[in-house]
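Taking it in order: structure first as structure tokens, then the write-up.
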Amino acid sequence: MRVKPKNTNRFRYEFQLLEHRDRERVLEALKTLAETPVSSNAICLEL
């Protein structure tokens with residue numbers, strides 16, 4: 001799965017707006033997602 005540059009830039013911008021505590025929570029969630037394999041029949045929703 002490729003991430004669109006538009007979405008990457010939006011994430012960076014919104015991530016910088018978060019408080020330090022919330023940034024840590026987001027980073028932990030991303031690490032968990034990166035370590036957990038996604039099944040081939042998973043549905044990816046884009047907001």
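Pop the C-beta distance of Glu28 and Lys4 into the FRET formula with R0 = 30 Å and round what comes out to the nearest 0.05.
Given R0 = 30 Å and the Cβ-Cβ separation, E is 0.80.
Does anyone have the angle between helix 20-35 and the longest principal axis of the chain? Alpha-carbon axes, 0 to 90°, nearest 10?
Roughly 20 degrees between the two axes.
Given the rule -39500 (n - 2.57) for each run of at least 4 DSSP H residues, summed and divided by the residues of the chain, what is its mean residue ellipticity at 222 nm, to the nearest 500 deg cm²/dmol?
So the helix-based figure for the chain works out to -20000 deg cm²/dmol.
FYI, it's all coordinate maths here, none of it is from the lab. In this text, all values refer to a predicted model and were calculated from it rather than measured experimentally. Every residue, glycine as well, gets a Cβ built from its backbone with ideal geometry; the counts of neighbours run over all protein chains shown.
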